[in-house]
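Engineer: One structure coming up, written as structure tokens, with questions to follow.
The values are calculated or read from the model by the stated rules, or taken from the named source; none is laboratory data. Everything quoted here is computed from the prediction, not taken from an experiment. No Cβ is skipped: glycine too gets one built from the backbone with ideal geometry, and neighbour counts run over all protein chains shown. Remember, those area values only see protein heavy atoms, side chains included, never the ligands or the DNA or RNA. Shrake-Rupley method; radii C 1.70, N 1.55, O 1.52, S 1.80 Å.
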Amino acid sequence: MRRRTNLASTAAVLTDGRAVIRPDLPKREEPWHPQTLDWWNDLWSAPMAAEYHESDRHALYLLAVLMDQFWQEPSQKLAAEIRLQRQAFGLTPYDRRRLEWTIETAEQAKERGEARQASKRPSPQPKAGDDPRLALVQ
């Protein structure tokens, strides 16, 4: 069977619970809108946050400013720009699909944990008289 060799370089299974340091929003004269603060906290507690590089912070700050402006005075123009900017960070299910990011389900995490535990256990040794090769000659 032939396989594709051009696999996506962005493909990843994202897991919850990885420790990510949440940067603070930049200080400014007027306070951030509460919705923007909620969005910022949700962003950095999501499984996608582990995929962000330190250099992504600057674009995320820009997106936070856009979000804040939107919550202060909503407009279609701001909504469209926010939609364009958030695509690069996998913030919607469609964007994660395009980046080939999948979020690990609880069932998958459980199976991964069980497999890890099973690999630590020694394999059972056959009994002294049980040689499966003997079944071929008898």
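Engineer: Is there a residue being part of a helix (DSSP H, G or I) and among the acidic types (Asp, Glu) anywhere in the range 28-46?
Structural biologist: So the first thing to find is which residues in the range 28-46 are part of a helix (DSSP H, G or I), and the list is 34-45.
Then keep just the ones that are among the acidic types (Asp, Glu); that gives 38, 42.
Yes, because at least one residue in the range 28-46 is part of a helix (DSSP H, G or I) and among the acidic types (Asp, Glu).
Engineer: Among the residues of the range 69-88, are any under 16 Å from residue 23 (Cβ atoms) and either open to solvent by less than 80 Å² (accessible area, probe 1.4 Å) or outside any helix (DSSP H, G or I) (or both)? Steps first, please.
Structural biologist: We begin by selecting, within the range 69-88, every residue under 16 Å from residue 23 (Cβ atoms); these are none.
Within the range 69-88, none of the residues are under 16 Å from residue 23 (Cβ atoms) and either open to solvent by less than 80 Å² (accessible area, probe 1.4 Å) or outside any helix (DSSP H, G or I) (or both).
Engineer: Name the residue that is farthest from the chain's Cα centre (by Cα), counting only residues in the range 24-68 that are hydroxyl-bearing (Ser, Thr, Tyr) and buried (at least 16 other Cβ atoms within 10 Å of the Cβ). Explain how you work it out, then say what you get.
Structural biologist: Kept after step one, since they are hydroxyl-bearing (Ser, Thr, Tyr), are these residues of the range 24-68: 36, 45, 52, 55, 61.
Still in the list and also buried (at least 16 other Cβ atoms within 10 Å of the Cβ): 36, 52.
Working: 36: 21, 52: 9 Å.
Out of the qualifying residues, it is 36.
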